[in-house]
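Since the structure comes first, as structure tokens, the remarks are kept for the end.
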Ligand SMILES: NC(=O)c1ccc[n+]([C@@H]2O[C@H](COP(=O)([O-])OP(=O)(O)OC[C@H]3O[C@@H](n4cnc5c(N)ncnc54)[C@H](O)[C@@H]3O)[C@@H](O)[C@H]2O)c1
């Protein structure tokens, strides 16, 4: 067990140090080789971060579904074993590069766009470098985990003229699109306040505490890693941006809140009595993690009772928006069921949406909508979830990204500003919890003067 503990320390140490030590030294002019750009009219993509999301949601679909528009030209990861397994899983002959060879990869394979799907806290360094080396970037949420990273991204985008796309698949789920359409229609008038309550259960919710998401220094906490989806949806639904944030949070269930613990489930002596024992053998992607485990000690089945867990499991957040909307948000990650309660309190009535993701009872519809007008009755209806990962939202997002000239009526494609705004709400919430103060978003980052703000709530 001690070795396993040491292994985990090696992972933390290696990822942090190697990330800091990536020898970025060449300038963009060293990389210009127009003859290698855009072969056969296709866009060339390199992927950095060959874990579950990078491999299964981006790299493999490029090969399987978008080959007429896109070429996957290179893979990059800090873990060679994981990357080689991912390469087979993806089904590509693209060359692989260790993270210390990122510049070499860009120079040799000349991607147009780098897709960033590393652990959250490392997004920024690859985004900045990729743009400096002449590439556009597609980054997974959360765009950044710390405010200074956001500042660096704004500066790099201005300096290089390159473009960041932040991938918010949650904008594409059926209920998300329906909410946007109802609010856009004006049927309920101006939104005055909103509610968003996220329930993660003891299965999916617990999974975050088994790996890096449970440590703030990697994920920024679930207020950044997970809630960035929800804050982005709210920013998008309200068509506004946050001004002040006040929050409370604690680790009240996982982490130190148990009488026993191990290093990881496989080696644990408390297997038979721990309700959170998780058998990695039953996990479809186990080889992706086991193939690289000896190299960096990344334990996919880490203990949810690890005393180092500092990512909150109970949290409440109040956000005041530029358009005067007041948001009340909560996230609890130890619930007996999973889903969401979302509501908008408007001048002419209230829109309520209940999302059922997993619960020990039957429901008629996974998305229940109720629109109630002041003095004017109520109507309720249900919607279903599409097939495909994340309720079909990944397919819709990928189509917009990889197919040329796609319409975007609902403005679902998100740029760096949208990515930053959602991350900053979570970052401000963490700061508010740590300082017990209300945080002004404008005190976190110097925004470009061309970004128009009213900031009357400041
Ligand atoms: N939009 C969504 O629905 C969704 C779903 C899952 C994950 N994500 C995001 O995708 C990203 C990856 O998540 P995941 O679940 O695949 O995690 P993962 O742990 O499976 O994969 C992360 C990969 O990054 C690599 N890595 C770590 N540090 C690195 C570094 N410094 N340089 C290069 N590579 C490094 C790891 O070796 C690993 O292969 C995260 O940012 C996460 O927030 C988004």
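Kindly indicate the residue of the stretch 41-55 that is more than 15 Å from the chain's Cα centre (by Cα) and surrounded by fewer than 24 Cβ atoms within 10 Å (Cβ to Cβ) and also farthest from the ligand (Cβ to nearest atom) among those meeting that condition. Applying the filter and picking the extreme gives 41. Checking each residue in the stretch 119-143 for being out of contact with any strand residue (DSSP E or B) (no Cβ under 8 Å at 6 or more places or on another chain) and farther than 24 Å from residue 289 by Cα picks out 128, 129, 132, 133, 134. Inside the stretch 57-71, residues that are within 16 Å of the ligand (Cβ to nearest atom) and either touching a strand residue (DSSP E or B) at 6+ places or on another chain (Cβ under 7 Å) or without any contact (Cβ under 8 Å) to a residue 40 or more places away in the chain (or both) make up a count of 4. Applying the criterion of at least 3 residues that are closer than 29 Å to residue 54 by Cβ to the strands (runs of 3 or more DSSP E) found wholly in the stretch 267-364 leaves 326-335, 338-346, 349-358.
Out of the residues in the stretch 122-140 that are closer than 11 Å to residue 165 by Cβ and surrounded by 24 or more Cβ atoms within 10 Å (Cβ to Cβ), state the one that is nearest to the ligand (Cβ to nearest atom). Among those that are closer than 11 Å to residue 165 by Cβ and surrounded by 24 or more Cβ atoms within 10 Å (Cβ to Cβ), it is 139.
Matching residues to (1) in contact with a strand residue (DSSP E or B) (Cβ under 7 Å, 6 or more places away or on another chain); (2) surrounded by fewer than 23 Cβ atoms within 10 Å (Cβ to Cβ):
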| site | (1), (2) |
| --- | --- |
| 221 | no, no |
| 224 | no, no |
| 244 | yes, yes |
| 259 | no, yes |
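Among the numbered conditions (1) under 29 Å from residue 88 (Cα atoms); (2) assigned by TED's automatic domain parsing to the domain that holds residue 198, the only one that residue 240 does not meet is (1). For the stretch 271-287, filtering for residues that are under 19 Å from residue 309 (Cα atoms) and surrounded by 15 or more Cβ atoms within 10 Å (Cβ to Cβ) leaves 4. Selection of first residues in the stretch 112-136 that are at positive phi and of second residues that are surrounded by fewer than 24 Cβ atoms within 10 Å (Cβ to Cβ) and assigned to a helix (DSSP H, G or I), restricted to Cβ pairs under 7 Å at least 6 apart or on distinct chains, gives the following pairs, ordered by first then second residue: 134/28; 134/31.
All conditions but one from (1) within 16 Å of the ligand (Cβ to nearest atom); (2) free of Cβ contacts under 8 Å to residues at least 60 places away in the same chain apply to residue 295; the one that does not is (2). The residue pairs whose first member lies in the stretch 379-402 and is farther than 14 Å from residue 57 by Cα and not assigned by TED's automatic domain parsing to the domain that holds residue 364, whose second member is assigned to a strand (DSSP E or B) and more than 12 Å from the ligand (Cβ to nearest atom), and whose beta carbons are closer than 7 Å, counting only pairs six or more residues apart or on different chains, do not exist in this structure. In the stretch 311-327, what residues are surrounded by fewer than 21 Cβ atoms within 10 Å (Cβ to Cβ) and either assigned by TED's automatic domain parsing to the domain that holds residue 79 or within 17 Å of residue 200 (Cα to Cα) (or both)? The answer is 314, 316.
Go through the stretch 236-265 and report how many residues are over 22 Å from residue 203 (Cβ atoms) and in a strand (DSSP E or B). Counting residues in the stretch 236-265 that are over 22 Å from residue 203 (Cβ atoms) and in a strand (DSSP E or B) gives 7. The sole residue among 248, 174, 169 that is within 16 Å of the ligand (Cβ to nearest atom), in contact (Cβ under 8 Å) with a residue 60 or more places away in the chain and surrounded by fewer than 21 Cβ atoms within 10 Å (Cβ to Cβ) is 174.
Among the residues making up the stretch 78-101, those that are out of contact with any strand residue (DSSP E or B) (no Cβ under 8 Å at 6 or more places or on another chain) and surrounded by 20 or more Cβ atoms within 10 Å (Cβ to Cβ) are 79, 82, 85. State yes or no: is residue 67 over 27 Å from residue 215 (Cα atoms), surrounded by 21 or more Cβ atoms within 10 Å (Cβ to Cβ) and modelled with pLDDT of 95 or more? So residue 67 fails the test. Please specify each residue of the stretch 86-104 satisfying the condition of being within 11 Å of the ligand (Cβ to nearest atom) and closer than 23 Å to residue 157 by Cβ. Listed by number, the residues that qualify are 99, 102.
The values are calculated or read from the model by the stated rules, or taken from the named source; none is laboratory data. Bear in mind that the values here come from a model prediction, so they are computed numbers and not experimental data. Cβ atoms come from the backbone with ideal geometry, glycine included; neighbour counts cover every protein chain shown.
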